[in-house]
1. What number of residues in region 227-243 are under 23 Å from A299 (Cα atoms) and touching a residue at least 60 places away in the same chain (Cβ under 8 Å)?
2. Among (1) within 23 Å of the chain's Cα centre (by Cα); (2) assigned to a loop (DSSP other than H, G, I, E, B); (3) surrounded by fewer than 20 Cβ atoms within 10 Å (Cβ to Cβ), there is one condition F166 misses while meeting the rest; what is its number?
3. Keeping to region 345-360, report how many residues are assigned to a loop (DSSP other than H, G, I, E, B) and either modelled with pLDDT of 90 or more or within 16 Å of Y107 (Cα to Cα) (or both).
4. What pairs come out if I take residues in region 298-316 that are under 23 Å from F174 (Cα atoms) and modelled with pLDDT of 85 or more and pair them with residues that are part of a helix (DSSP H, G or I) and of a type in the set (A, V, I, L, M) whose C-beta lies under 7 Å away, six or more apart or interchain?
5. Scanning for something part of a helix (DSSP H, G or I), free of Cβ contacts under 8 Å to residues at least 40 places away in the same chain, out of contact with any helix residue (DSSP H, G or I) (no Cβ under 7 Å at 6 or more places or on another chain) and closer than 30 Å to L399 by Cβ, does region 334-344 turn up at least one residue?
6. Is there a residue in region 318-340 that is under 21 Å from Y99 (Cα atoms) and of a type in the set (G, A, S)?
7. Can you tell me which residue in region 252-261 is farthest from V415 (Cα to Cα), limited to those that are surrounded by 20 or more Cβ atoms within 10 Å (Cβ to Cβ) and over 16 Å from the mean Cα position of the chain (by Cα)?
8. I need the full set of residues from region 153-171 which are under 27 Å from S198 (Cα atoms) and in contact with a Ser or Thr (Cβ under 9 Å, 6 or more places away or on another chain), in order please.
Amino acid sequence: MASVLEAPRRQGTAPLPIERLPGVTRFRNWHPDAASLMTLVLGLTFLIPNQLTIPALGGLGRPELLVSLVLMGWWGMTKLVPSLTVRGNQPIRWLAALYFCSFAFSYVAGHARGLTPAEAASSDRFFIFLLGALAISLVVADGIPTRARLDTLLSRLTYYGAYLGFTGSLQFLFNFDITDKLSVPFLALNNELYGVQSRSTLNRVSGTSTHPIEYGAVLAMCLMIAVHFIITTDDPKEKRKRIVVAAMIALPGAFSVSRTNAASVVIGLTILFIVWNARYRFYAFVAGVGAVAALQIVAPGLLATIRALFLYAGEDPSISGRRKDYDDAFGYIGERPILGRGSGTFIPEEYFILDNQWLGELITKGYVGLFVLGMMFVVPAMMSRIMRTQVRTYAALHLTQTLFAVMAIAAFASVTFDSFYYAQFRMVWFVMIGVSGTLWRLQKTGALEDPATASAEELAFVDEKLRRVQA
């Protein structure tokens, strides 16, 4: 069969120049930047089950972790070239340095205490995780060039969230686990897949996440970003697409059958509610009623089960088990309260599962590490609050509030599980830390927004919200 490119030749005309072929010009003008690289890293994190790693490297063989380490080297090299260095005050760099120093002090304190081989290996592994996570924040904070590219990255994050929700929906509704069907060259299972398990006679799923709690927390954070795009998108066709994406994130989040997802969604939407007008609040109420009805139809008994998780939390074995573990944990805290027992050393093989990142930081890094962990949530949240009092357009206002909501969810969810050790949660958390740096940089250079394009009604609404914040 003759090729399509030969068709013009048969008609007596010259072949179509390659640069005029559909999409070729766009591809030739494309230059990879930080947003492109982060799209790759997010794709490796969300599309591939977390348990698939390079066999020779074990838990350190996650593809996105290896790419993140390369990005750390790339970011470091840009600091050696004056023309590539982003200058100006960037709080995220200081925050990253503070987090690294807290690790270093605790690392030294742990080795001074004396570590078992398993503890030492875990501490070294934590160091690699830390470098990869900090690389993500620094590359996003210093590398995203424009507001348009930032929106592109956040939009792609919502699409990955929709994919995660889709994989969980297949598990919950059809008992079909796509994760054990995925085969990736050079990767093998490092741990057993969570698969489809049950809770109160219902399927409890995790999609490509490691655990249902991580699955629910990640979807809750992605949902806030998806809602942001629904609110700030003007084109009707684009808005409908955004609604579909948000639905693919919101409804499957309940399939985790966890308190974390339900409480996180309520926390995040409550924070966004502050900057909505009456019309948006009415639409949110209608969407909430619709979501409840849809869940009742597709999964009878799910809402009752989730409600029971809160009403009878005191009788839940998982809650009582954690309380007992917490009593034991404070004994270890009393032994080394300042710098802790050593970063990453409190492992189930030697001790027990904590399911609380805050408590884990207190045990392994002491009160110094606990303070720094708090700064990892508070600093981006406060940056968003400061920027919120300076912006002039509603889209920028809503984006800063969305960042605040995501940080609040991340801080809350870290009470319910060891969040830093879960790849997808860690990725979204540190991406959003980097986003706060990007917004800060763009705001300081005047590239975050264009008030000239805003209507008088929009400017008046933003001013009203700013006055409320300042008051």
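The values are calculated or read from the model by the stated rules, or taken from the named source; none is laboratory data. Source: prediction; values computed, not measured. Please note: Cβ atoms are built from the backbone with ideal geometry, for glycine as well, and neighbour counts cover all protein chains shown.
1. Of all residues in region 227-243, those under 23 Å from A299 (Cα atoms) come to 243.
After this cut, where a residue has to be touching a residue at least 60 places away in the same chain (Cβ under 8 Å) as well, the list is none.
The number of residues fulfilling the criteria is 0.
2. Checking F166 against (1) within 23 Å of the chain's Cα centre (by Cα); (2) assigned to a loop (DSSP other than H, G, I, E, B); (3) surrounded by fewer than 20 Cβ atoms within 10 Å (Cβ to Cβ), the one that fails is (2).
3. Just the residues of region 345-360 that are assigned to a loop (DSSP other than H, G, I, E, B), to begin with: 345-356.
Still in the list and also either modelled with pLDDT of 90 or more or within 16 Å of Y107 (Cα to Cα) (or both): 345-347, 356.
Residues flagged as assigned to a loop (DSSP other than H, G, I, E, B) and either modelled with pLDDT of 90 or more or within 16 Å of Y107 (Cα to Cα) (or both) within region 345-360 amount to 4.
4. Partner pairs satisfying both residue conditions: V298/L173; L302/A254; L302/L295; L303/V292; L303/L295; I306/A254; I306/A262.
5. First, the residues of region 334-344 that are part of a helix (DSSP H, G or I): 334-335.
Those left that are additionally free of Cβ contacts under 8 Å to residues at least 40 places away in the same chain: 334-335.
So of that shortlist, the ones also out of contact with any helix residue (DSSP H, G or I) (no Cβ under 7 Å at 6 or more places or on another chain) come out as 334-335.
Applying the additional criterion that residues be closer than 30 Å to L399 by Cβ yields none.
Scanning region 334-344, I find no residue that is part of a helix (DSSP H, G or I), free of Cβ contacts under 8 Å to residues at least 40 places away in the same chain, out of contact with any helix residue (DSSP H, G or I) (no Cβ under 7 Å at 6 or more places or on another chain) and closer than 30 Å to L399 by Cβ, so the answer is no.
6. At the first step, the residues of region 318-340 found to be under 21 Å from Y99 (Cα atoms) are 333, 336-340.
After this cut, where a residue has to be of a type in the set (G, A, S) as well, the list is 340.
Yes - at least one qualifying residue is present in region 318-340.
7. From region 252-261, those surrounded by 20 or more Cβ atoms within 10 Å (Cβ to Cβ) are 252-258, 260-261; that's our starting set.
Filter again for over 16 Å from the mean Cα position of the chain (by Cα), leaving 252, 254-258.
Details: P252: 22, A254: 19, F255: 20, S256: 17, V257: 17, S258: 13 Å.
Step by step, filter region 252-261, then rank; the result is P252.
8. Result: Y160, Y163, L164, T167, G168, Q171.
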